[in-house]
Structure formats: C-alpha cells, structure tokens
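Input: a single structure, listed below in structure tokens.
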Amino acid sequence: MNAVIATAPAATPQQVLHEVFGYGAFRGAQREIVEHVVAGGDALVLMPTGGGKSLCYQVPAVLRHRAGQGVAVVVSPLIALMHDQVGALDELGVAAAFLNSTLDGDEARRVERDLLSGRLVLLYAAPERILTPRFMAMLQSLNERGKLSLFAIDEAHCVSQWGHDFREEYLGLSALHEQFPGVPRLALTATADEHTRADIVERLRLEEARLFVASFDRPNIRYTIVEKDEPKKQLLRFLRDEHEGDAGIVYCQSRKKVEETAAWLSAEGLDALPYHAGLDAAVRRRHQDRFLREDGVVMVATIAFGMGIDKPDVRFVAHLDLPKNIEGYYQETGRAGRDGLAADAWMAYGLADVVNQRRMIDESEAGEDFKRLQRAKLDALLALAEAHDCRRVRLLAYFGEASEPCGNCDNCISAPATWDATEAARKALSCIYRFGQADGHRGSGRYGAMHLIDVLRGKLTDKVTQRGHERLSTFGIGADVSEAQWRLVLRQLIALGHVQTEGEFSTLALAESAREVLRGEVAVRLRVPAEAKARGKTARDRSTRGAAPKPPPVPLDAAATARFEALKAWRAEVAREHNLPAYIVFHDAALAEMAREQPATLDDLAGISGVGARKLEAYGREILRVLESAG
Ligand code: ADP
Ligand code: ZN
C-alpha cells in the first residue's frame with residue numbers, strides 16, 4: 001500500500017473530494033457535515049442507505065491527517081464492510097487498515113504498529129476490539145501526541161434496544177467521549193426513529209452534537225408492489241423482462257423458501273445462489289464473495305444477508321414475502337442502486353403474508369406493549385402495500401418527510417384501476433357473521449378464507465354441503481365477484497383490522513370495527529386485481545412504463561455500449577488480478593461516463609466522476625488504450 005495522496009499538503013474538502021475520491025460535488029448535506037467535523041465538532045448523521053455516509057468521515061479523516069492530526073478510528077460492527085472499505089481506500093491511495101477477528105496475531109500487530117507510527121489515515125475496528133484495555137492504551141498514547149483525529153461510529157442505532165439490531169458492545173462506546181473529550185465524534189445511521197435517535201444521543205453522550213438529517217428519498221429506486229398470484233413465476237417474469245444479467249437480491253422469509261427459490265431460479269438458467277444463517281459459514285462466504293465479485297449474480301436470501309454489503313450496482317431488490325415493517329422494507333430495498341443509477345424495489349404481496357405476519361406477532365413471547373408496537377408498524381406497511389396513491393409519498397411520510405407524487409413508482413406510472421368494494425366488504429363480513437350464528441357462537445367464525453369465498457361465490461363443495469352452508473342467506477350472494485377479487489377484499493379487511501385471523505388454520509372472525517363497515521359507514525375502495533385485468537396486458541404495461549421518466553440506467557448508443565462492454569471486460573481482468581470486487585476498481589457509472597464521453601487525454605479522463613488522482617495514475621493510460629481500440 002502506498003499513501004502518496006494522503007500525505008500531500010493541506011487542502012480544502014472540495015479538493016480532497018475531487019483529487020482523492022474523483023467526485024465533482026458533495027451530495028446533500030455532505031459538505032456541511034465534513035466542514036463541521038473538520039472544525040472539530042461532533043455530529044449525528046441520519047442518512048438513508050446509499051446516501052453517502054462514508055465520505056462524511058473519510059474526507060475529514062484525509063484532511064485532518066494532512067493537517068498532522070493523526071488517525072481516524074471508525075467503529076463498525078460489520079466485518080464485510082470493513083474489508084470492502086479498506087480495499088476501496090487502498091485503491092484510492094489512502095492508508096487504511098482494519099482490526100478484527102479475521103486477522104491473526106502477526107497481522108494484528110502489524111496494523112497496531114502502523115497505527116502507532118501515525119502512518120494510517122483511517123483505522124476500522126469492531127467495538128469489542130476498541131474497548132479492550134490494550135486498544136484503549138494505544139488510543140491514549142496517540143491522543144497524548146495529538147494524533148487522534150476523530151471517531152466515526154457507524155451503524156449508531158446499534159446502541160439502542162429500540163433499534164432493530166441492538167449490540168451490547170455499543171453501550172461501552174461512551175468511554176470514547178469520557179476518555180477523549182477533545183476528539184470530534186461522528187455517529188452515523190440509516191435507521192433511527194425518534195426513540196432510537198434519543199437513545200443514540202444519550203448513550204453515546206452526543207448532547208452537544210449537531211444533528212444532520214438528510215432526505216430519506218432514494219429517487220433512483222422505483223417501488224413496485226404487485227398482487228401475489230404465482231409468486232415465483234411473477235419473479236421470473238420481472239427478472240427476465242427488466243433485469244436480464246443484473247445483480248440483485250431476492251428476499252424470502254424462511255430458509256426453506258430461500259433454498260427452493262434459488263434452486264428454481266438456477267434451473268431456469270439464472271445465476272442464483274442461496275444465503276441464510278443455516279448454511280455453513282464457508283458456503284455463505286463463498287456465495288457472498290461471488291455476489292460481490294462477479295457480475296450479475298442473484299442472491300436469494302433471508303434478511304441474514306445484506307448488512308454491511310455496500311455493493312453499489314445492485315440493480316434490484318425483490319421481496320417474495322412481506323418484511324416486518326417499513327423500516328425493514330426501506331433498509332432492505334435501500335441496498336439497490338447505491339450508485340445512483342436506476343434500480344427496482346419489487347415486492348409480491350398477498351393475503352397469506354398479512355395472516356402470517358399477524359400470527360408471528362400474536363404468537364411471539366414478547367410483552368403486550370411490544371406487540372402493540374409491532375402491530376402498529378405492520379399496519380403502516382400494509383397500508384403502503386394496499387395504497388393506490390404514490391408509494392414514495394407514503395414511505396417518506398412515514399419518516400416524517402413531506403413530498404409530492406414521484407412519477408417513479410408503480411402507482412404514479414400507471415394509476416391502478418379501483419372499484420367500490422363497500423358492498424362486497426359488507427357481504428363478506430355478514431357471511432362470517434352467519435357462519436358464527438349457524439355454529440352457535442356469535443360473531444366468531446370457524447372457517448378460513450377459502451371456504452368463505454366458496455360460500456360467497458355459491459360453490460357446492462363437500463365442505464359446504466357437510467356444513468349445510470348452502471342454506472345460509474349469504475350463499476351465492478357474491479357470485480358476481482371473482483375469486484381473486486374476493487381474496488383482495490378479505491386481505492384488505494384483514495389489513496385494515498376489520499377481520500381477525502385465529503389459530504393454526506387462520507380462521508376468520510369479526511373484529512369490533514367490522515360493525516361500522518357492516519352498517520355501511522365506511523367506504524372501501526380497492527384496486528382491481530391484476531388477474532381481473534386482461535392477462536395478456538403485460539406488453540402494454542411495459543410500454544406505459546417506457547413512457548415514464550425512468551432515470552436511464554446507462555443510456556448509451558450502440559458504439560458507446562461496445563466501449564462500455566470493453567471497459568467492463570478490462571475492469572474484470574484488473575479486479576481478478578488485484579483480487580477485488582470489480583466495483584472497487586470503478587463503478588459502472590464511471591465506466592458508462594467514459595464510454596459516453598470518450599476522453600482522449602488523461603486530463604479529460606480526470607474530469608470523469610469517480611476518477612481520482614490515484615486511479616488516474618494507476619489506470620489512466622490503460623483506459624485510454626481500451627477506449628481507443630474499442631473505437
Ligand atoms: P451509505 O454508507 O450511506 O449507505 P455510501 O457511503 O456507501 O453510502 O455511499 C453510497 C455510494 O455513493 C458509494 O458508492 C459512494 O462512492 C457514492 N457517493 C457518495 N458520495 C458521493 C458523491 N458526493 N458523489 C458521487 N458519488 C458519491
Ligand atoms: Zn410515486
């Protein structure tokens with residue numbers, strides 16, 4: 001590793017951004033945050049996944065190191081992320097290292113030597129490592145010499161029990177402030193509701209810190225939520241139609257479903273790999289490595305996968321099952337399109353999802369308060385899934401941000417057809433009520449959705465005749481509504497809490513609020529299910545999509561595409577040689593810009609976003625050669 005650039009003379013944040021990182025401009029609040037920290041202030045930064053948190057401490061680290069203020073210590077719980085970031089910094093010519101359990105004794109001592117010598121600009125370490133007496137003594141020694149430039153505490157929500165991944169070790173990090181009050185601290189997170197935010201401030205002693213809340217919008221991500229019909233086939237269609245050859249993640253709830261889905265996609269000819277906590281550690285590592293290093297791998301995973309994966313060119317995140325809440329959904333979908341190019345968040349959602357999630361909460365061991373909170377969070381997610389207005393407006397509203405319809409979600413792109421389902425809802429509710437009456441226990445049904453729909457549609461199944469349900473006054477009153485539509489009516493009634501599901505067989509029962517609907521006091525408007533629309537409509541759907549202002553992924557003409565492909569092939573070679581993921585060498589966005597702009601000189605090339613001084617020096621000539629020979 002050589003650290004030419006990091007030891008160059010003092011500079012401004014803008015110069016470092018340009019020279020070292022190769023970027024033309026700060027994004028959003030980055031500049032303010034950098035200036036605040038460089039001047040010695042503490043900060044709490046809330047920015048969505050992919051918003052650009054790393055630069056908020058990396059640029060100050062370079063600046064302060066150049067000013068003789070020593071090393072920045074970055075606390076991170078995520079080993080994969082440390083490796084990636086150190087690899088990327090290495091490519092940029094910034095001296096960085098990590099200390100974690102993957103190093104053997106000799107390697108760790110070498111890093112410690114580099115740390116104490118003042119050579120390092122950034123050191124990444126796991127919290128449990130930082131809090132050891134040995135490490136604290138090293139920090140003490142650095143601090144006495146004025147060589148501790150800043151602390152960055154990544155994933156700061158881990159300090160809160162309210163957050164979704166509390167880590168005991170984070171509680172000890174207040175020691176950093178107590179022992180080194182003069183060293184600026186920067187806490188960063190992508191997920192913090194009010195409660196978690198207050199915890200971070202209190203537990204990390206950040207009372208004096210300035211709060212920076214970036215917009216949570218990820219405009220390049222297109223949100224789509226489809227009716228679950230034949231989920232695997234729908235997924236395959238989505239992948240084939242829109243993401244041929246792209247890298248992406250497919251989330252499933254269970255390990256079994258992960259295995260099945262991955263096997264099925266592989267059999268269909270996709271490069272799909274499974275990932276879940278039940279797999280051998282070596283297998284997990286191998287699959288993760290392939291996902292990071294190779295182009296176009298589809299990772300089928302439980303939520304065990306994703307934390308600390310900052311692969312920038314994930315083009316889609318698909319959910320085959322409903323996440324637990326909007327926080328989870330936003331974090332998972334946020335892994336798409338970190339490079340700012342167009343990306344998709346796609347989810348298939350159906351009645352069983354609602355029922356399962358409700359049951360999981362009901363049957364959990366948690367206390368009543370916690371369950372109430374989980375139910376409220378699930379309801380917010382269900383409202384998003386059922387919405388027929390702009391998904392993004394709802395998402396952002398959930399995070400406290402007002403916005404206008406986005407033009408880049410399914411509902412904005414083609415407004416869904418809706419129908420007045422008030423009458424149908426009343427029929428369904430009264431049928432559940434009749435079941436209870438017939439069985440002699442008022443208001444509580446003993447039947448699931450399938451049977452209810454059969455009765456409403458007047459189908460003489462064995463079960464219907466056994467129970468004598470063909471004699472109910474509600475038998476056949478809903479024959480004019482399709483089965484798919486009935487499922488949708490029920491789902492919405494359950495999602496809205498008018499109907500409850502009970503027990504192992506998810507039998508249906510009326511909730512208190514059902515009365516209002518029965519009395520016709522609440523209007524119910526539903527989207528027309530996909531099935532009820534003409535089946536062959538996908539082609540038209542796609543053409544309406546084409547007309548929408550989709551941010552172009554890589555809008556290149558044929559000649560530029562050839563150059564882009566040539567650059568990608570060259571990049572793959574370099575990545576293999578250096579044993580690095582391709583995106584650490586260059587992002588797709590940078591290669592696309594080169595292919596489009598066709599820089600002819602090193603100076604021109606330096607103007608491309610993502611080309612810093614170090615990369616220009618290391619790769620500039622080769623890139624010009626590749627561009628020239630590709631025409
Ligand atoms: P986060 O940690 O907030 O999820 P990252 O720090 O990984 O996000 O940044 C996401 C991506 O955006 C990275 O690939 C990064 O290189 C890129 N990026 C960040 N800031 C800028 C900027 N000012 N200009 C161009 N690209 C940027
Ligand atoms: Zn929208």
query: Exactly which GluC sites (Glu not before Pro) in segment 368-462 are in a DSSP loop and have at most 11 other Cβ atoms within 10 Å?
result: none
query: Counting other Cβ atoms within 10 Å of each Cβ, which GluC sites (Glu not before Pro) in segment 161-233 have at most 14 and sit in a DSSP loop?
result: E207, E208
- prompt: Out of A523, I584, T474, whose Cα points farthest toward the positive end of the dipole of the chain (charges: +1 Lys, Arg; -1 Asp, Glu; placed on Cβ)?
  reply: T474
statement: Contour minus Cα-Cα span, N143 to Q15, at 0.36 nm per residue, comes to 43.4 nm
Helix-only CD estimate at 222 nm, as mean residue ellipticity for the chain, using -39500 (n - 2.57) per DSSP H run (n ≥ 4): -14000 deg cm²/dmol
- line: With the 8 Å Cα cutoff and a minimum separation of six or more residues, segment 551-630 has a relative contact order in percent of 35
- request: Rank T418, H83, A175 by how far each Cα sits towards the positive end of the charge dipole of the chain (+1 on Lys, Arg Cβ; -1 on Asp, Glu Cβ) and give me just the farthest.
  value: T418
task: Figure the gain on full extension for S473 and S414 (residue separation times 0.36 nm, minus the Cα-Cα span) and round it to one decimal in nm.
output: 17.3 nm
query: How big is the charge dipole of the chain about its Cα centre, in debye rounded to the nearest 20, if each Lys and Arg gets +1 on its Cβ and each Asp and Glu gets -1 on its Cβ?
result: 1020
- prompt: Among 254-261, 340-347, what's the highest-first ranking by average C-beta atoms within 10 angstrom per residue?
  reply: 340-347, 254-261
- line: PRE zone check, label point 7 Å out along Cα-to-Cβ of D271, amide N under 12 Å, scope segment 201-236, hits none
- prompt: If the chain between A618 and T561 were fully stretched, how many nm would it gain, using 0.36 nm times the residue separation less the Cα-Cα distance?
  reply: 18.1 nm
- request: Tell me the label-point distance for the pair T465, E244, using the 7 Å Cα-to-Cβ offset, in nm and rounded to one decimal.
  value: 5.2
message: Compute the angle between helix 54-66 and the longest alpha-carbon principal axis of the chain, please, reported from 0 to 90 degrees and rounded to the nearest 10.
response: 10
message: Please state the shape class of the chain: rounded when a/c is under 1.5, otherwise prolate if a/b exceeds b/c and oblate if not, all from the C-alpha gyration tensor.
response: prolate
message: How would D271, D199, D480 line up from fewest to most surrounding beta-carbon atoms within 10 angstrom?
response: D480, D271, D199
statement: The answer for trypsin sites (Lys or Arg not before Pro) in segment 378-460 that fall in a DSSP coil and have at most 12 neighbouring Cβ atoms within 10 Å is R442
Cα shape, segment 404-474, gyration tensor, a/c 1.5 rule: prolate
query: Angle between the Cα long axis of helix 231-242 and the longest principal axis of the chain, 0 to 90 degrees, nearest 10?
result: 50
task: Please name whichever of H195, Q500, L378 sits farthest to the positive end of the charge dipole of the chain, dipole taken about the Cα centre and charges placed at Cβ: Lys and Arg +1, Asp and Glu -1.
output: Q500
Residue-count net charge about A600 - beta-carbon cut-off 15 Å; Lys, Arg +1, Asp, Glu -1: -2
field: Mean projected area (nm²) of the alpha-carbon convex hull when segment 418-527 is viewed from all directions
entry: 6.3
Rounded if a/c under 1.5, otherwise prolate or oblate - segment 221-413, Cα gyration tensor axes: oblate
- prompt: What is the distance, in nm, between label points placed 7 Å from the Cα along the Cα-to-Cβ direction at E404 and at T132?
  reply: 5.6
- request: List, largest first, the extents of the alpha carbons of segment 551-630 along their principal axes, each in whole Å.
  value: 31, 26, 25
message: Nearest 10 degrees is fine. How inclined is helix 613-629 to the longest principal axis of the chain, computing both from alpha carbons?
response: 70
task: With +1 on each Lys and Arg Cβ and -1 on each Asp and Glu Cβ, and nothing else charged, work out how big the dipole of segment 4-213 is about its Cα centre, in Debye to the nearest 20.
output: 620
- request: Determine, from the Cβ-Cβ distance of M360 and E423 and an R0 of 25 Å, the FRET efficiency 1/(1 + (r/R0)^6), rounded to the nearest 0.05.
  value: 0.15
- prompt: Assigning unit charges at the beta carbon (Lys, Arg +1; Asp, Glu -1) and nothing else, what dipole magnitude in debye, to the nearest 20, does segment 324-373 show about its Cα centre?
  reply: 80
- line: As straight-line cross-link partners of K427, the qualifying lysines (C-alpha separation under 17 Å, not fewer than 8 residues apart within one chain) are K459
query: Ranked by Cβ crowding within 10 angstrom, fewest neighbours first, how are C158, C412 ordered?
result: C412, C158
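The numbers here are math on the coordinates, done by the rules we state, and not lab data. Model, not experiment: these values are computed from the prediction. Counting neighbours? That spans all protein chains shown, and the Cβs are built from the backbone with ideal geometry, glycine included.
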